[in-house]
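A.B. asks: Dropping a structure here in structure tokens format, bear with me for questions.
Just so you know, all these numbers are worked out from the coordinates, no wet-lab data involved. Just so it is clear, the model here is predicted, and its values are computed rather than measured. Note that each Cβ is placed from the backbone with ideal geometry, even for glycine, and that neighbours are counted across all protein chains shown.
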Amino acid sequence: MKSTVEQLSPTRVRINVEVPFEELKPEFDKAYKALAQQFRIPGFRPGKAPARIIEARVGRGPILEQVVNDVIPNRYSQAVTEGDVKVLGQPDIEITKIEDGELLEFTAEVDIRPEITLPDYSEVTVTVDPLTVTDEDVEEALTNLRRRFGSIVATERGATKGDIVTIDLSATVDGEDVPEAATEGMSHEVGSDQLIDGLDEALEGLAAGESKEFTTKLLAGDHAGQEATVTVTVGTVKERQLPEADDDFAQEASEFDTIDELKADLRTRTEQSKKMAQVGQIREKVVDHLLETLDIPVPEAVVKAETDEQIHNLVHQFEHNDELLNQLLEGQGKTRESWEAEVREGAERAVKIQLLLDAIAEAEGTQVSQDELTTRILMQAQRFGMKPEEYIAEIQKANQLGAVFADVRRGKALQQVIERVTVTDTDGNVVDLAAEASSEDETQAEEAE
């Protein structure tokens, strides 16, 4: 077999393959044997009829077609390996010549990973937010913990932020009722900003039995995107009563004996959380810097496939009801065209990041150990609330184990880059990346455990 690789663009090649027929004898023997099993020919045991008899029975055409169909995938893979072609996606194959008994020629056009000239990472500098833990941060963490152990009791006063209220809602547009916007007995936390704009402001100060009108834009339904007059009526108001932040609470809510010990632990946990957030910011800043400074061409077909998949997944969530999706987008001030453009922009960025990190991993010789792959699988299973063996079965069924491996490898490659860049915070302090990496490793180990 002879093959050549022709560069069509930075992200696409044409592979030209020539296969002499003398190399195809094993494939012809296999085809004759398979056909011999399908026919009962007098004078021959099943599967033992010679090739010339089978060919006389079925003709040369079907045999040649079967051989060609069997040969092309194998010879294409061989050409990819010999040419060291880093393919992306499936090829477009065209048979250009069949000279029976002499030569088979075909071409395969396929997208490839582009060549990316990587920088000297030691010259890269990024700036992130400083890591500070204030007394207010600790108090906020303590308050959140107290809320978990608190109780909810009815109150006669007007509602305020953090209260739990039951409400009735009704709406009109140009004086006409909007039935789909009406609801009764809905539970809502004041200040959570989880429903329509203007609701939380209208609820402030309302006691049980009181009502208030406000104007807002509807997000869904026949009147999506239109201004509506909404009436909210409060049924009940309940406030949270939090336990006192004292030693008794510390003993009830934790393994500590005193509130001071509990606060010290909350400070440590808050610091760890902020370190993880800072690590995430470092990763994002480094990736952003590399994307901005490097020329990374992307294959159009790969971007389109990623865009189509994301659009399909969201449309599927709306049970392919395009009208409902368009109403939602209109309520957000978007058109279908502008939304699809945003999806494409995000898809292009995602593809660029994958190409960049794959190029770094190859240049760095990044390897993934079995323990690292297992840790990622355990973490993912935990996030999805699944047993590890169930999660493994699911990703194997979906043929996604390779994607998990690639994701781990890309993460390691990025970490190898981060260890060589210079990171400072906005106060001018150099960030200790070794300490950050150690903190992240410990957190991942705890999650996997």
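A.B. asks: Only loop residues by DSSP count here, and only those with at most 16 other Cβ atoms within 10 Å; note down the trypsin sites (Lys or Arg not before Pro) in the range 135-186 that meet that. Mind showing how you got there, number by number?
C.D. replies: Working: sites: 146, 147, 148, 157, 161; in loops: 157, 161.
Of the trypsin sites (Lys or Arg not before Pro), the ones in loops of the range 135-186 whose Cβ has at most 16 other Cβ atoms within 10 Å are 157, 161.
A.B. asks: Quick test of the membrane-span-like rule: which DSSP H helices of the chain reach at least 27 Å along their long axis (C-alpha atoms) with mean Kyte hydropathy at least -0.5?
C.D. replies: On the way: long enough: 60-82 (32 Å, -0.37); 259-293 (50 Å, -0.81); 336-364 (42 Å, -0.39).
Helices passing the filter in the chain: 60-82, 336-364.
A.B. asks: Counting only chymotrypsin sites (Phe, Trp or Tyr not before Pro) that sit in a DSSP loop (anything but H, G, I, E, B) with at most 12 other Cβ atoms within 10 Å, what is the longest stretch of the chain containing none of them? Don't skip to the end; give the middle numbers.
C.D. replies: Details: sites that count: 149, 384.
No qualifying site falls inside 150-383, the longest such stretch.
A.B. asks: Figure the gain on full extension for residue 340 and residue 207 (residue separation times 0.36 nm, minus the Cα-Cα span) and round it to one decimal in nm.
C.D. replies: Length difference between fully extended and current span is 43.5 nm.
A.B. asks: Excluding residue 158 itself, calculate the net charge of residues whose Cβ lies under 10 Å from the Cβ of residue 158, where each Lys or Arg counts +1 and each Asp or Glu counts -1.
C.D. replies: That sum, taken over residues with Cβ under 10 Å, equals -3.
A.B. asks: Identify the residues of the range 343-375 with backbone N under 19 Å of a label point that sits 7 angstrom from the Cα of residue 405 along the Cα-to-Cβ direction, or state none.
C.D. replies: Within reach of a label on residue 405: 354-355, 357-375.
A.B. asks: Given 20 °C and 1.002 mPa s, compute D for the chain with the Stokes-Einstein relation, Rh being the Kirkwood radius over Cα pairs; round to the nearest whole µm²/s.
C.D. replies: On the way: Rh = 29.0 Å.
Rounded to a whole number, D works out at 74 µm²/s.
A.B. asks: So, one more: Could you work out the relative contact order of the chain? I mean the mean sequence separation of Cα pairs under 8 Å and 6+ apart, divided by the number of residues, in percent. All intermediate terms of the calculation are to be shown ahead of the outcome.
C.D. replies: Values: 623 pairs, mean separation 69.7, N = 449.
It comes to 16 percent, rounded to a whole number.
A.B. asks: Still on this structure: How about the range 125-187: which GluC sites (Glu not before Pro) there lie in a loop by DSSP and see at most 15 other Cβ atoms within 10 Å? Mind dumping the intermediate values first?
C.D. replies: On the way: sites: 136, 139, 140, 156, 176, 180, 184; in loops: 156.
Answer in residue order: 156.
A.B. asks: Let me ask something else about it. Holding the Cα-Cα limit at 32 Å, pick out from 2/30; 263/412; 33/97; 238/387; 275/387 the pairs that are longer than that. Each step should come with its number before you reach the end.
C.D. replies: Details: 2/30 23 Å; 263/412 35 Å; 33/97 26 Å; 238/387 38 Å; 275/387 29 Å.
Table pairs above 32 Å Cα-Cα are 263/412; 238/387.
A.B. asks: At most 14 other Cβ atoms within 10 Å and a DSSP loop assignment: could you name the GluC sites (Glu not before Pro) in the range 216-280 that fit? Display every interim value, and only then the final one.
C.D. replies: On the way: sites: 227, 239, 244, 252, 255, 261, 271; in loops: 244, 255.
Those satisfying the criteria are 244, 255.
A.B. asks: What's the local net charge at residue 255, with K and R +1, D and E -1, over the other residues with C-beta under 12 Å away? Working shown, then result.
C.D. replies: On the way: positive: none; negative: 252, 257, 261, 265.
Residues near residue 255 contribute -4 overall.
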